[in-house]
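Coordinate-derived values only; no laboratory data. Computed from a predicted model, the values in this text were never measured in an experiment. Positions of Cβ are backbone-derived with ideal geometry, glycine not excepted, and every protein chain shown enters the neighbour counts.
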Amino acid sequence: MLLDVRDLHVEFRTRDGITHAVNGVDYAVDAGETLAVLGESGSGKSVTAQAVMGILDTPPGRITAGRILFRGQDLLTLKEQERRRIRGAGMAMIFQDALSALNPVLSVGDQLGEMFVVHRGMSRKDARARAVELMDRVRIPAAAQRVRDYPHQFSGGMRQRIMIAMALSLEPALIIADEPTTALDVTVQAQVMDLLAELQREYRMGLILITHDLGVVADVADRIVVMYAGKIVESAPVHDLYKAPAHPYTRGLLDSVPRLDRKGRELYAIRGIPPNLTRIPPGCSFHPRCPMAQDVCRTDEPPLYAVSDGRGSACHFWRECLHGPDH
Amino acid sequence: MAPTTEPILEVGGLVKHYPLTRGILFKKQIGAVKAVDGVDFTLGRGETLGLVGESGCGKSTVAKLLCSLERPTAGSIRFKGEDITGLSGRALKAVRRNIQMVFQDPYTSLNPRMTVGDIVGEPYEIHPEAAPKGDRRRRVQELLDVVGLDPEYVNRYPHQFSGGQRQRIGIARGLALRPEVIVADEPVSALDVSVQAQVINLLDRLQSEFDLSYVFIAHDLSVVRHISDRVGVMYLGRIVEIGRDAEIYDHPTHPYTQALLSAVPVPDPEGRAHRERIILTGDVPSPVDIPSGCRFRTRCWKAQPRCAREVPLLAVPAAFRATPGPAAHPSACHFAEEAVPITPAPPREHGVNGDGPR
Amino acid sequence: MPEQPHQPEGAIAGTGMGGAMDLGASEAVTLERAPGGPPGTGPAGRPRSLWSDAWRDLRRNPVFLLSALVILFLVFISLWPSAIASGSPLTCDLAKSQDGPGPGAPFGYDGQGCNVYTRTVYGARASVTVGLCATLGVALLGSVLGGLAGYFGGTWDSLLSRLTDIFFAIPVVLGGLVLLSVVTSNTVWPVVGFMVLLGWPQISRIARGAVITAKQNDYVQAARALGASDSRILLRHIAPNAVAPVIVVATIALGTYIALEATLSYLGVGLKPPSVSWGIDISAASPYIRNAPHALLWPAGALALTVLAFIMLGDAVRDALDPKLR
C-alpha cells in the first residue's frame, strides 16, 4: 500500500472551544489508483489531506491520534527535516487556488526550476531547461517563451497546469489534489481533469482527489470515501456507490444534485445544515438530518460496517439503505 | 425565441462597456472592456429564463444592468413596455420595487452590523409606502416564515446563520416589496450540495406562490436546466444560443453550447469510458480585444475564413428554418448543425475528442 | 457549487475574524434541526458582534487593562489636578531653585523654584486636551473627506489623493515651526488646529480604503437595488463597517499628538508660559540637567508614560478589532 491513513484525529483550538475536524479517518491508496474524498465544507476532507502532507497549521491544529503510513513508514514519527524530503519527491499537492499557491514575484520558470535546484542540486540552467520540459508536458503552448512569465500573466486554467507541473516535477508516487478544478470554468475543468488523469496513468501515481463535485468524482475515481463531520461514512468502489449508496447521506447527496439528463421539478433536499464541529451530535453525527434515523442512532455511534468486500458504511441501517427505501 | 406568456421584461441591444483609462488626474480613454456587447432577450410573466456562461461572459453584468445597478452604454430594458434605462430619482425608485436581486455570496450580501429583522425590513424603510409602520415587524416575520426560517430570529445577526440560511434571508429581503421580477445571480453556487437543493426548491416554490418571473444566472448548467423554462447561452458578452431548455440541452446547434454541455461531468460513472467529449482548446479571449466576426471562432473547431469576416446573427439558422422542430431556435453560428444529444451517452468506438485542434 | 473559497474547511473558520463575516458552516448554528437547544447563539450563548467580541478580547488583555488604567488616571488629573496636588503651578519661589524633594514637593523644585510635582500634575491637562481634541478633529475631518472620496470616487477622489500626497510631503516639525511661530494666542487651539491640518490626510487615506472595501460588498449593492439613497447607504451600511480601522489608527495617533505637542512646546512654538505643559517644563529644565536632573526627568517620564499608554491602547484595540493582523 502506498499510503495508509489509520484512525487519524485532528482538532483545532479556537476561541469557541475545540473543533473536532477529523475524528478517526481510515483510508488507503495504492499506486496507480485514484481515491476520491467526497465531502462538503467542514467535513474534514482538506484537513485530512493537510495532515498527510504535513502542512497542517499547528497551532491551532493538532493531530491527537492516528498513523499515516507512507510506504510502510509512519510519517508522524519523522522529524520535520525528513518529512520535507518526502514532500515533493514522495508526495505532492495541488491546490484549488493556483494564483495564491504560486509566488507572484517569481517567474514560473524559476518556481518550477527551484524544485530541481533544491532537491536535485541541478544548476540554474539545467533547471530552467527541465522547467520548459515540464511546461510542455502539461501542454502549455509556447513553453520556451513563457517560462519567464509571472503567474498573473497566465489564465486560471494555465496556472492550474503550472501547479500540476510543479507537483509532477520530482515524479512523486502520490499526488493530493484538493479541489483542483473548483475555481475553473467547466470547459477548462474538463481540460485539466483530462490532463491530470492522463499524467497519473503515465506515471502510475496514486491520486487522492478531494472534491465536493459528484460529477468530477464519477468521471475519474476508482474508489470513493464520503466524509461527514470528520468521519468516513461510506467507502466504496465508484460504480457500487453510484449504483446503490449504502449510507443515507450519500444517497441524499446523489439525489440532491440537479442533473443534465434528468429534469424533475422538485429536488430531494437533505434537511437541516451540517453540524457545528465544536458540538458534534452524539451517536451517529448524521442522525439529526437523516430520514432513516431510529433511537439507536441517537445513542450508538455506528462503526464502519463491512457491506461487502472493499465496501463499508457507517450506518446501522445500511441494509435498508442499500435496498433503497424512499426518503 | 419568444416566451409563451406575455413579456414582462424586454431587453434589446444591451451594451455595457467599461472604459479603460490612463492618467492620474486627467484621464484618457485607451480602450474598453466590452462586458456586455449586444444582448437581446425577452422574459415572459411567470417564466424562468436561465443565462449560462463561463466567467467573463458578461452574465453578471447583465444582472446588474437589469437591476439598474449599472447604466448601460446602449440599448433598452423595457419593464412592461416602459424603457427603464433612462430613469432616475423617483421613477427609478418606483421601478426598483418591481425588479429585485438575489446575490451569489451569502457572506457579503448581508450587512454584518444589522439584525436579520433590520435587513429584511430595510425595504420598507426605503419605501415607506409599501407597508405601514406598525405592520412592518409582522410582515418581516411573515417573510422569514415564507422562506423557511423561524420568525423568532429577527434579532439575530447574519453570522449566526449558515450559508444556506443566509441565502434565505437574502431571498426574504428580495421578496419584501413583492417584486414581479427577481434577478438571481449565481444564487446557489456558494452553497454546499446538500443545501443547494433546499434553496433551489425554495426558489421554485416561491415562483408559483408569488407569481414571480426569474432571470436565473449561473455557470452550472445542471442547475440552470433544472430551474429554467428557457435558456440563453452567453459567450464574451453576447448570447450565442437561446431557446427552450430541451431545445438547448438536447438539440444544441451552436458549437460553443455543444462543447459546454459535453464538458459537464455527469454524476454517474456508468459508461464514462465511452462518453464523448469536446475538449475546447485555449482560453476565452480578453473582452478588451474581441475577435472579429464570430467571437467564438478562435476556439472553434469548425471555424472557416467566413467566421472571421461576418458576425453571425442570433437567429434561427437557415438550415432549420424550413422544418419546425427542436433544433429550430436562434443560434448565432454560420455553420449551425445539430449534434447528437450528449446524454444518455451512446457507446461509441471513438468520440469527437480528436476533432478539436489540440 | 464551489465551496467558500475563503474558508478552508469549517474547522479553521473559528480562528478567523472572530465575530463577523467569515464564520463558516461549522460555526453556524442548528436553527433548523434543534428545537430543544438554544438556537442561534454562539457558544457564549448570546448574540455576538464585532464590538462585543472585541470587548471580550480587550477585557482579558493585560496590556489594555494597564494602559486604560493609566489613561483613566491621566484624564482624572487633567480634570481635577487639585485633587492630588496642592498649590498652584504658577506659584514659584526662586529661593527654592533646583532644590531636591521636600515636604509638599516630592519631585523637588525646578530652576524657577516651582514645585515639579504640582507642575507635572497640572501639565497633564494640556497634553490630554491637545491629544483628544486633535484626534477628534483629525478623525472627523479625515473620515468625512476620505469617506466621501472613497464612496463617490471620480475627480474629487483623484484631487483629494493628490492633496493628501502634498500634505504628506510637509515635514511636521518644520511646518509647526513656520506656521505656529506667527501665532500669538497662548491657548491650546492653534496647536490643535495645526495638528488637524497636518493630521487629517493620514486618517483620510485609511477611511478612503475602508470605505472602498466596504463599498464592494454585495449588501451595498442590495441596498442600492432597493432604492436606498446615498446618505442611507453611507450611514447605515458603509460607516459601521468602515469605522474600525479609523478608530485603531486614531487611537495610536493620539499618543503621537501628545508627543508632538511637547515637541512644539519645547521648541517654543506650541504652548508658551504661563501655560503649563510638559514640553515647556522639559525645555525650561534642560539647561540645568547636570544640577537638577529631577526637574527634567519627571515631566519627561510623565510624557513618555502617557504616549506609551495611548500607543499600547491602540495596539490592543487593533488586535481586538482585527485579529488577522496579529
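Extending 7 Å from Cα along the Cβ direction at B:Ser88 and again at C:Leu79 yields two label points whose distance is 5.1 nm. Remark: the stretch A:160-167, residue by residue, has Karplus-estimated 3J(HN,Hα) of 5, 5, 5, 4, 5, 4, 5, 5 Hz, where x stands for each Gly or Pro and the curve is 6.51 cos²θ - 1.76 cosθ + 1.60 at θ = phi - 60°. For A:Glu234, the residues whose amide H sits under 5 Å from its own are A:Val226, A:Ala314, ignoring neighbours fewer than 5 places away on the same chain, with H placed 1.01 Å from N.
For the protein assembly as shown, the antiparallel share of DSSP beta bridges with both residues in that region comes to about 65%. At a Förster radius of 25 Å, what calculated FRET efficiency corresponds to the Cβ-Cβ distance of C:Leu132 and C:Leu69, to the nearest 0.05? Between C:Leu132 and C:Leu69 the formula returns 0.90.
Inter-label distance, A:Asp255 to C:Leu235: 5.2 nm, where each label sits 7 Å from its Cα along the C-beta direction. Classify the protein assembly as shown as rounded, prolate or oblate from the Cα gyration tensor: take a ≥ b ≥ c as the square roots of its eigenvalues, call it rounded if a/c is under 1.5, otherwise prolate when a/b beats b/c and oblate if not. Prolate, since a/c reaches 1.5 and a/b exceeds b/c.
Under 5 Å between amide hydrogens, built in the peptide plane, is the criterion, and for A:Gly24 it picks out A:Leu8, A:His9, A:Val10 among residues at least 5 positions away or on other chains.
Which part of the stretch A:164-197 falls in the paramagnetic zone of A:Leu106, meaning amide N under 16 Å from the point 7 Å along Cα-to-beta-carbon? So the set is A:164-170. In a fully extended conformation the segment linking B:Thr323 and B:Tyr18 would gain 105.7 nm over its present Cα-Cα distance, using 0.36 nm per residue. Our helix-only sum for chain B, with -39,500 (n - 2.57) per DSSP H run of n ≥ 4 divided by its residues, gives a mean residue ellipticity at 222 nm of -8000 deg cm²/dmol. When the Cα gyration tensor is reduced to axis lengths a ≥ b ≥ c, the ratio a/c is 1.5 or higher for the stretch B:245-332, and with a/b not above b/c it is classed as oblate. Distances between placed amide hydrogens fall under 5 Å for B:Lys80 paired with B:Leu9, B:Glu10, all partners being 5 or more residues away or on another chain.
Structure remark: mean-square fluctuation, Gaussian network model of chain B, C-alpha springs under 10 Å; the largest value among B:Pro324, B:Pro287, B:Pro151 belongs to B:Pro324. Spatial offset of the stretch B:179-233 relative to the stretch A:192-250 amounts to 28 Å, using the alpha carbon center of each. Using a ≥ b ≥ c from the Cα gyration tensor of chain B (square roots of the eigenvalues), is it rounded, prolate or oblate, where a/c under 1.5 gives rounded and otherwise the larger of a/b and b/c decides, a/b for prolate? Taking the square roots of the gyration eigenvalues as a ≥ b ≥ c, chain B is prolate.
Note that the stretch B:281-289 has calculated 3J(HN,Hα) couplings of 9, x, 10, 5, x, 5, x, 7, 10 Hz, one per residue in order, obtained from phi through the Karplus relation 6.51 cos²θ - 1.76 cosθ + 1.60 (θ = phi - 60°); glycine and proline are x. Residue separation of A:Glu202 and A:Ser123 scaled by 0.36 nm, minus their Cα-Cα distance, works out to 25.7 nm of gained length.
Note on chain B: with a GNM built from Cα contacts shorter than 10 Å, the maximum mean-square fluctuation among B:Gly44, B:Gly117, B:Gly293 falls on B:Gly293. Coupling constants for the stretch B:94-109 follow from the phi torsions by the Karplus curve (6.51 cos²θ - 1.76 cosθ + 1.60, θ = phi - 60°), and in residue order they are 5, 5, 4, 4, 9, 10, 10, 10, 10, 9, 6, 9, x, 8, 10, 8 Hz; glycine and proline get x. Quick one: if the Förster radius is 51 Å, what FRET efficiency do C:Leu140 and B:Lys80 give, using the C-beta to C-beta distance and rounding to 0.05? The formula returns an efficiency of 0.60 here. Estimated from the Cβ-Cβ distance and a Förster radius of 22 angstrom, the FRET efficiency linking A:Arg298 and A:Arg6 is about 0.20.
With Cβ to Cβ distances under 10 Å as the rule, what net charge do the other residues near A:Tyr27 carry (K, R +1; D, E -1)?
With Lys, Arg at +1 and Asp, Glu at -1, the neighbours total 0.
Comparing mean-square fluctuations of B:Ala318, B:Ala190, B:Ala35 from a GNM of chain B with C-alpha springs under 10 Å, the top value falls on B:Ala318.
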